[in-house]
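The next block holds one structure in the form of structure tokens; read it before the comments.
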Amino acid sequence: MNEPGVQSLLDQATVMDRIESGDFPDWARDHFETFHASMVEDRDGEPFPCYFGIESERNGDALYTFVESTTHPDALFALRENLVEYLDVFRDFSERCSLVTFFKPPEEALTEREYHEQLWNILQFLHVHDPEPWPEDIPTDPDSEYWEFSFAGESMFPTCRAPFYEERMSRYCPLGLEITFQPRALFEGITADTEAGQQARQVIQRRIESYDGVCPHADIGDWGVDGDREWHQYMLSADESQAPDECPIHISREHPKVEIPERWRKRGVSA
């Protein structure tokens, strides 16, 4: 952790130190500073809706990585390795240790449809190169209330922010794609079947309405609740006509699925 460069797993103090020293490229600095400000500063007098996210950012509980491309295999293999490392350390790092992933902004503006495609291509790449088999207790069919994205044996909730959310500011990032990976283990004690979880959801939904100025998105739901689907929530639609009608990812229990390229096996990456 905290190795040189932006494409490694970094804690908050290291990110801030490297920004201050000028060691980060402009896009990485701008991504982090925009994210950090949105978490810890109010918008028109309203705090960010997820108070768990605010607390995590203020306390330095999260880890971060910066990905130089949404499509280049080398960049996505680096993301894969950082996600593996994150899943090895998050339980010991902090109780609210999510992984915030910033992708280098595109040279030209993208449509909402193209951002949906980016997300699912990234998740499909991670699945194809998953170092562990798909968990036995997680269905492979996304059209199940018990399905959720899993990697390295951990089920998780990846949630996105992107530039097309101009009317839903809690999901807005002016620069490009962000994905925050949150393992299911972080939600222990605050799931939909607990009183604390129900209270947290009510508070967050009220704060979403105040912060965004619109009602919470109709697709927001809870894992394991009949009728709710996780995959819709990873990247909420702004324009339904540009969002996928069916989950674009193909999940297989076959393992391993592909041969790891030689140049990555030399770096210690294994299937």
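The values are calculated or read from the model by the stated rules, or taken from the named source; none is laboratory data. If you're wondering where the values come from, they're calculated on a predicted model, not measured in any experiment. Note that we place each Cβ from the backbone using ideal geometry, even for glycine, and neighbour counts take in every protein chain shown.
In segment 134-168, the residue that is farthest from L236 (Cα to Cα) out of those that are among the acidic types (D, E) and over 17 Å from the mean Cα position of the chain (by Cα) is E136. Please work out if S56 is over 14 Å from the mean Cα position of the chain (by Cα), of a type outside the set (V, I, T) and surrounded by fewer than 18 Cβ atoms within 10 Å (Cβ to Cβ). Taking the combined requirement at face value, the residue does not satisfy it. Here is the figure for segment 71-98: residues that are of a type in the set (D, E, K, R) and out of contact with any helix residue (DSSP H, G or I) (no Cβ under 9 Å at 6 or more places or on another chain) total 3. Looking only at residues that are more than 30 Å from P256 (Cα to Cα) and among the β-branched types (V, I, T) in segment 138-191, which one is surrounded by the fewest Cβ atoms within 10 Å (Cβ to Cβ)? Among them, the one singled out is I190. Scoring A62 on the criteria (1) surrounded by 15 or more Cβ atoms within 10 Å (Cβ to Cβ); (2) under 24 Å from P244 (Cα atoms) leaves a single failure, condition (2). Filtered by the rule that a residue be farther than 23 Å from S8 by Cβ and buried (at least 17 other Cβ atoms within 10 Å of the Cβ), segment 29-42 gives a lone residue, S38. Which one is farthest from D42 (Cα to Cα), of the residues in segment 214-231 that are out of contact with any strand residue (DSSP E or B) (no Cβ under 9 Å at 6 or more places or on another chain) and at pLDDT 80 or above? By that ranking, first place goes to R229.
For segment 6-23, the candidate set comprises residues that are touching an Asp or Glu at 6+ places or on another chain (Cβ under 9 Å) and outside any helix (DSSP H, G or I); within that set, the residue that is surrounded by the most Cβ atoms within 10 Å (Cβ to Cβ) is L10. Taken together, the residues in segment 58-70 that are more than 20 Å from S8 (Cβ to Cβ) and in contact with a helix residue (DSSP H, G or I) (Cβ under 7 Å, 6 or more places away or on another chain) amount to 1. In segment 52-66, the residues that are among the hydroxyl-bearing types (S, T, Y) reach residues that are surrounded by fewer than 21 Cβ atoms within 10 Å (Cβ to Cβ) and in a helix (DSSP H, G or I) with C-beta atoms within less than 8 angstrom, at least six apart or across chains, in these pairs: S56/M39; Y64/Q12.
Taking the conditions exactly as written (surrounded by 15 or more Cβ atoms within 10 Å (Cβ to Cβ), in contact (Cβ under 8 Å) with a residue 60 or more places away in the chain and touching a Gly at 6+ places or on another chain (Cβ under 9 Å)), does Y115 satisfy them or not? The answer is yes for Y115. Among the residues of segment 126-138, those identified as out of contact with any strand residue (DSSP E or B) (no Cβ under 9 Å at 6 or more places or on another chain) and in a loop (DSSP other than H, G, I, E, B) are H129, P133, E136.
Outside any loop (DSSP other than H, G, I, E, B), surrounded by 15 or more Cβ atoms within 10 Å (Cβ to Cβ) and either charged (D, E, K, R) or at pLDDT below 70 (or both): does that describe W264? Considered against the rule, which asks whether it is outside any loop (DSSP other than H, G, I, E, B), surrounded by 15 or more Cβ atoms within 10 Å (Cβ to Cβ) and either charged (D, E, K, R) or at pLDDT below 70 (or both), W264 comes out as yes. Across segment 73-125, which residue is farthest from P183 (Cα to Cα) among those that are assigned to a helix (DSSP H, G or I) and of a type in the set (F, W, Y)? The qualifying residue farthest from P183 (Cα to Cα) is Y115. Taken over segment 10-63, the residue count meeting the criterion of being closer than 21 Å to I204 by Cα, touching a strand residue (DSSP E or B) at 6+ places or on another chain (Cβ under 6 Å) and of a type outside the set (G, A, S) is 0. Pairing each residue of segment 9-28 that is within 17 Å of F103 (Cα to Cα) with any residue that is of a type in the set (D, E, K, R) and in a helix (DSSP H, G or I), provided the two are 6+ apart or on different chains, yields C-beta distances under 7 Å for L9/E85; I19/R29; F24/R18.
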